[in-house]
Amino acid sequence: MTKSFFFDLPDDEERSLIAALVDYCAGLSGEQFEHMYMSAGERLTILFSDFGFARETGVGFEALEKKEARHRMIAARPFEELPCLEDALHCAFYMADQYDISPDEQGVWRSKAAFSTELKRILNRLGLIDRDGFWTEYSVPVQLRGGYLIADGDRGCEQGNHCVERLALSTISDMPEAAKKLLDMSDSFSPDHERYGCYGIFGAMWRFGGWPSEGERSRIANLGCDPLITKVVDQILINQHNSYSHPDLE
(Lines give C-alpha, C1' and ligand atoms only; values in the text may rest on other atoms or scores of the structure.)
Protein backbone atom coordinates (compact mmCIF):
# COMPACT_ATOMS: atom_id res chain seq x y z
CA MET A 1 0.00 0.00 0.00
CA THR A 2 1.26 3.46 -0.91
CA LYS A 3 1.38 5.78 2.08
CA SER A 4 2.37 9.40 2.60
CA PHE A 5 5.96 10.61 2.42
CA PHE A 6 6.27 12.73 5.58
CA PHE A 7 3.30 11.91 7.77
CA ASP A 8 2.73 8.49 9.33
CA LEU A 9 -0.94 8.12 10.18
CA PRO A 10 -3.54 5.36 10.43
CA ASP A 11 -5.33 4.80 7.12
CA ASP A 12 -8.68 6.19 8.25
CA GLU A 13 -7.09 9.32 9.70
CA GLU A 14 -5.10 9.96 6.53
CA ARG A 15 -8.23 9.68 4.38
CA SER A 16 -10.13 11.94 6.76
CA LEU A 17 -7.41 14.60 6.62
CA ILE A 18 -7.17 14.48 2.82
CA ALA A 19 -10.94 15.02 2.71
CA ALA A 20 -10.67 17.92 5.18
CA LEU A 21 -7.94 19.61 3.13
CA VAL A 22 -9.87 19.18 -0.11
CA ASP A 23 -12.93 20.64 1.63
CA TYR A 24 -10.92 23.63 2.83
CA CYS A 25 -9.62 24.35 -0.67
CA ALA A 26 -13.05 23.81 -2.23
CA GLY A 27 -14.51 26.30 0.22
CA LEU A 28 -12.17 28.95 -1.18
CA SER A 29 -12.48 28.00 -4.85
CA GLY A 30 -16.12 27.01 -5.30
CA GLU A 31 -17.33 24.42 -7.81
CA GLN A 32 -16.01 26.42 -10.78
CA PHE A 33 -12.73 28.29 -10.64
CA GLU A 34 -10.48 30.36 -12.92
CA HIS A 35 -6.95 30.60 -11.61
CA MET A 36 -5.95 33.76 -13.56
CA TYR A 37 -2.54 32.07 -13.93
CA MET A 38 -1.83 32.62 -10.25
CA SER A 39 0.21 29.88 -8.61
CA ALA A 40 -2.31 28.90 -5.93
CA GLY A 41 -5.14 28.28 -8.38
CA GLU A 42 -2.86 26.60 -10.91
CA ARG A 43 -1.68 24.13 -8.30
CA LEU A 44 -5.17 23.47 -7.01
CA THR A 45 -6.34 22.83 -10.57
CA ILE A 46 -3.59 20.23 -10.97
CA LEU A 47 -4.56 18.53 -7.70
CA PHE A 48 -8.31 18.48 -8.39
CA SER A 49 -8.12 17.50 -12.06
CA ASP A 50 -5.33 14.91 -11.77
CA PHE A 51 -7.26 13.01 -9.11
CA GLY A 52 -10.70 13.29 -10.66
CA PHE A 53 -12.34 15.73 -8.26
CA ALA A 54 -13.02 18.28 -11.02
CA ARG A 55 -12.63 18.82 -14.76
CA GLU A 56 -9.74 20.94 -16.02
CA THR A 57 -10.75 23.76 -18.40
CA GLY A 58 -7.40 25.21 -19.49
CA VAL A 59 -7.82 28.24 -17.26
CA GLY A 60 -8.97 26.48 -14.10
CA PHE A 61 -11.52 23.79 -13.35
CA GLU A 62 -15.26 23.18 -13.34
CA ALA A 63 -17.76 20.56 -12.18
CA LEU A 64 -16.10 20.03 -8.82
CA GLU A 65 -17.67 17.00 -7.15
CA LYS A 66 -20.03 17.80 -4.29
CA LYS A 67 -18.71 17.33 -0.77
CA GLU A 68 -20.54 14.05 -0.14
CA ALA A 69 -19.36 12.58 -3.46
CA ARG A 70 -15.76 13.65 -2.77
CA HIS A 71 -15.85 12.00 0.62
CA ARG A 72 -17.17 8.77 -0.87
CA MET A 73 -14.40 8.83 -3.48
CA ILE A 74 -11.71 9.40 -0.85
CA ALA A 75 -13.10 6.67 1.41
CA ALA A 76 -13.45 4.06 -1.33
CA ARG A 77 -10.40 4.48 -3.54
CA PRO A 78 -7.10 2.66 -2.96
CA PHE A 79 -4.38 4.97 -1.69
CA GLU A 80 -2.50 4.92 -4.98
CA GLU A 81 -5.47 6.74 -6.56
CA LEU A 82 -5.49 9.51 -3.94
CA PRO A 83 -3.25 12.57 -3.71
CA CYS A 84 -0.64 12.32 -1.02
CA LEU A 85 -1.48 14.18 2.15
CA GLU A 86 1.62 16.36 1.80
CA ASP A 87 0.53 17.73 -1.59
CA ALA A 88 -3.05 18.34 -0.46
CA LEU A 89 -1.64 20.32 2.47
CA HIS A 90 0.72 22.26 0.22
CA CYS A 91 -2.18 23.29 -2.03
CA ALA A 92 -4.11 24.37 1.05
CA PHE A 93 -1.17 26.57 2.08
CA TYR A 94 -1.05 28.18 -1.37
CA MET A 95 -4.79 28.86 -1.25
CA ALA A 96 -4.51 30.27 2.27
CA ASP A 97 -1.69 32.57 1.16
CA GLN A 98 -3.69 33.92 -1.77
CA TYR A 99 -7.36 33.75 -0.75
CA ASP A 100 -7.53 33.42 3.05
CA ILE A 101 -5.24 34.06 6.04
CA SER A 102 -1.64 32.94 6.40
CA PRO A 103 1.38 33.80 8.58
CA ASP A 104 4.40 35.80 7.50
CA GLU A 105 7.80 34.19 7.01
CA GLN A 106 9.66 33.96 10.32
CA GLY A 107 13.24 33.36 11.43
CA VAL A 108 12.25 31.02 14.27
CA TRP A 109 10.30 27.78 14.00
CA ARG A 110 8.12 28.39 17.06
CA SER A 111 5.91 31.22 15.92
CA LYS A 112 2.17 31.77 15.59
CA ALA A 113 0.59 29.87 12.71
CA ALA A 114 -1.91 32.60 11.85
CA PHE A 115 -4.32 30.62 9.68
CA SER A 116 -8.10 30.58 9.73
CA THR A 117 -9.77 28.30 12.27
CA GLU A 118 -10.65 25.56 9.78
CA LEU A 119 -7.08 25.10 8.60
CA LYS A 120 -5.68 25.36 12.13
CA ARG A 121 -7.86 22.44 13.21
CA ILE A 122 -6.33 20.32 10.44
CA LEU A 123 -2.78 21.39 11.33
CA ASN A 124 -3.41 20.51 14.97
CA ARG A 125 -4.62 17.04 13.99
CA LEU A 126 -1.42 16.61 11.98
CA GLY A 127 0.74 17.61 14.95
CA LEU A 128 2.05 20.66 13.09
CA ILE A 129 0.71 23.22 15.58
CA ASP A 130 -0.05 22.97 19.29
CA ARG A 131 -3.27 23.84 21.11
CA ASP A 132 -2.21 27.48 21.36
CA GLY A 133 -1.74 27.76 17.60
CA PHE A 134 2.07 27.76 17.56
CA TRP A 135 4.10 25.68 15.11
CA THR A 136 5.72 22.57 16.60
CA GLU A 137 9.33 21.56 15.91
CA TYR A 138 7.98 18.57 13.96
CA SER A 139 6.59 21.06 11.45
CA VAL A 140 9.96 22.51 10.38
CA PRO A 141 10.17 20.70 7.00
CA VAL A 142 6.52 21.54 6.27
CA GLN A 143 7.07 25.18 7.22
CA LEU A 144 10.04 25.29 4.86
CA ARG A 145 7.98 23.86 2.01
CA GLY A 146 5.22 26.39 2.66
CA GLY A 147 7.67 29.29 2.64
CA TYR A 148 6.93 30.23 6.24
CA LEU A 149 10.42 29.74 7.67
CA ILE A 150 13.64 31.59 6.86
CA ALA A 151 16.57 29.21 6.44
CA ASP A 152 19.26 30.74 4.25
CA GLY A 153 22.49 29.35 5.59
CA ASP A 154 23.98 32.14 7.67
CA ARG A 155 20.66 33.67 8.66
CA GLY A 156 17.26 32.58 9.86
CA CYS A 157 16.30 29.47 11.74
CA GLU A 158 19.07 27.13 12.91
CA GLN A 159 16.70 24.12 12.91
CA GLY A 160 15.57 25.04 9.40
CA ASN A 161 19.15 25.24 8.15
CA HIS A 162 19.94 21.86 9.71
CA CYS A 163 16.81 20.39 8.10
CA VAL A 164 17.88 21.60 4.65
CA GLU A 165 21.38 20.17 5.14
CA ARG A 166 19.96 16.81 6.28
CA LEU A 167 17.51 16.59 3.37
CA ALA A 168 20.23 17.51 0.87
CA LEU A 169 22.33 14.58 2.09
CA SER A 170 19.47 12.07 2.18
CA THR A 171 18.33 13.19 -1.28
CA ILE A 172 21.57 11.97 -2.85
CA SER A 173 20.65 8.39 -2.03
CA ASP A 174 18.85 6.62 -4.90
CA MET A 175 18.78 9.84 -6.94
CA PRO A 176 17.52 9.18 -10.50
CA GLU A 177 20.12 9.50 -13.25
CA ALA A 178 18.19 12.34 -14.91
CA ALA A 179 18.43 14.41 -11.73
CA LYS A 180 22.15 13.64 -11.33
CA LYS A 181 22.89 14.79 -14.88
CA LEU A 182 21.01 18.07 -14.44
CA LEU A 183 22.72 18.76 -11.13
CA ASP A 184 26.10 18.07 -12.70
CA MET A 185 25.30 20.70 -15.34
CA SER A 186 24.50 23.35 -12.71
CA ASP A 187 26.52 25.00 -9.99
CA SER A 188 25.88 26.98 -6.85
CA PHE A 189 26.46 30.27 -8.70
CA SER A 190 24.30 29.57 -11.74
CA PRO A 191 21.18 31.75 -12.20
CA ASP A 192 17.81 30.29 -11.24
CA HIS A 193 16.70 29.78 -14.85
CA GLU A 194 19.56 27.31 -15.35
CA ARG A 195 18.29 25.29 -12.39
CA TYR A 196 14.67 25.03 -13.50
CA GLY A 197 15.21 21.58 -14.94
CA CYS A 198 16.42 20.37 -11.54
CA TYR A 199 13.51 22.04 -9.79
CA GLY A 200 11.08 20.42 -12.24
CA ILE A 201 12.40 16.90 -11.67
CA PHE A 202 12.27 17.38 -7.91
CA GLY A 203 8.69 18.69 -8.13
CA ALA A 204 7.59 15.60 -10.05
CA MET A 205 9.63 12.90 -8.33
CA TRP A 206 10.91 14.00 -4.90
CA ARG A 207 9.30 14.50 -1.51
CA PHE A 208 10.95 15.41 1.81
CA GLY A 209 14.38 13.92 1.14
CA GLY A 210 13.32 10.77 -0.70
CA TRP A 211 12.59 9.53 -4.22
CA PRO A 212 9.28 7.62 -4.20
CA SER A 213 9.15 4.49 -6.32
CA GLU A 214 7.41 4.54 -9.68
CA GLY A 215 4.30 3.03 -8.10
CA GLU A 216 4.29 5.56 -5.29
CA ARG A 217 4.57 8.48 -7.71
CA SER A 218 0.92 7.99 -8.66
CA ARG A 219 0.12 9.96 -5.50
CA ILE A 220 2.35 12.90 -6.37
CA ALA A 221 0.74 15.99 -7.86
CA ASN A 222 3.36 17.67 -10.02
CA LEU A 223 3.03 21.09 -8.42
CA GLY A 224 6.36 22.38 -9.71
CA CYS A 225 9.00 24.05 -7.61
CA ASP A 226 8.44 25.04 -3.99
CA PRO A 227 10.63 26.78 -1.39
CA LEU A 228 11.87 23.49 0.11
CA ILE A 229 12.93 22.18 -3.30
CA THR A 230 14.79 25.41 -4.03
CA LYS A 231 16.65 25.28 -0.73
CA VAL A 232 17.55 21.58 -1.01
CA VAL A 233 18.73 21.82 -4.64
CA ASP A 234 20.81 24.88 -3.77
CA GLN A 235 22.34 23.05 -0.79
CA ILE A 236 23.24 20.05 -2.96
CA LEU A 237 24.94 22.39 -5.43
CA ILE A 238 26.81 24.12 -2.60
CA ASN A 239 27.98 20.72 -1.36
CA GLN A 240 29.16 19.85 -4.86
CA HIS A 241 30.95 23.18 -5.20
CA ASN A 242 32.70 22.56 -1.86
CA SER A 243 33.90 19.20 -3.23
CA TYR A 244 31.61 17.20 -0.99
CA SER A 245 32.27 13.54 -1.84
CA HIS A 246 29.58 10.92 -2.07
CA PRO A 247 29.73 7.66 -4.09
CA ASP A 248 26.28 8.21 -5.59
CA LEU A 249 27.45 11.42 -7.23
CA GLU A 250 30.60 9.95 -8.74
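The values are calculated or read from the model by the stated rules, or taken from the named source; none is laboratory data. All values reported here derive from a predicted model rather than from experimental measurement. We place every Cβ from the backbone using ideal geometry, glycine too, and count neighbours over all the protein chains shown. Areas reflect the complete protein model, heavy atoms only, side chains present, ligands, DNA and RNA absent. Shrake-Rupley method; radii C 1.70, N 1.55, O 1.52, S 1.80 Å.
Note on the range 1-88: with neighbouring protein chains present and a 1.4 Å probe, carbon and sulfur make up 48 percent of its accessible heavy-atom surface. Gap in Å between the Cα centre of the range 114-150 and the Cα centre of the range 195-239? The distance from the Cα centre of the range 195-239 to that of the range 114-150 comes to 22 Å. Between the Cα long axis of helix 158-172 and the first principal axis of the chain there is an angle of about 80°, rounded to the nearest 10. Sparse packing (at most 16 other Cβ atoms within 10 Å of the Cβ) combined with a DSSP loop state is found for the following trypsin sites (Lys or Arg not before Pro) in the range 1-72: Lys3, Lys66. The Cα-based radius of gyration of the chain, divided by its Kirkwood radius, gives an Rg/Rh of 0.96.
Put a plus charge on the Cβ of each Lys and Arg, a minus charge on the Cβ of each Asp and Glu, and nothing anywhere else: the dipole of the chain about its Cα centre is then about 480 debye. 3J(HN,Hα) along the range 37-42, derived from phi through the Karplus expression 6.51 cos²θ - 1.76 cosθ + 1.60 where θ = phi - 60°, amounts to 6, 8, 4, 4, x, 4 Hz, with x in place of Gly and Pro. For the chain, the tally of Lys pairs with Cα-Cα distances below 24 Å comes to 8, considering only residues 8 or more apart or on different chains. Computed over protein heavy atoms with a 1.4 Å probe, the carbon and sulfur contribution to the accessible area of the range 92-232 reaches 49%.
For the chain, the longest principal axis of the C-alpha atoms and the axis of helix 227-241 are separated by about 10°. Using the alpha-carbon atoms, what tilt in degrees (0 to 90, nearest 10) does helix 85-99 show relative to the longest principal axis of the chain? For helix 85-99, the angle is close to 80 degrees.
Only Lys, Arg, Asp and Glu carry charge here, each on its Cβ (+1 for the first two, -1 for the last two); on that basis the range 69-109 has a dipole of about 380 debye about its Cα centre.
Dipole check for the range 83-156: with +1 at the C-beta of Lys and Arg, -1 at the C-beta of Asp and Glu, and the Cα centre as origin, the magnitude is about 260 Debye. Distant-in-sequence amide contacts of Ala151, defined by a placed amide H-H separation under 5 Å and a gap of 5 or more residues or a different chain, comprise Cys157. Based on protein heavy atoms only, the range 1-160 ends up with 45 Å² per residue of surface accessible to a 1.4 Å probe.
Contact order for the chain, expressed relative to its length and based on alpha carbon pairs under 8 Å spaced 6+ residues apart, stands at 19 percent.
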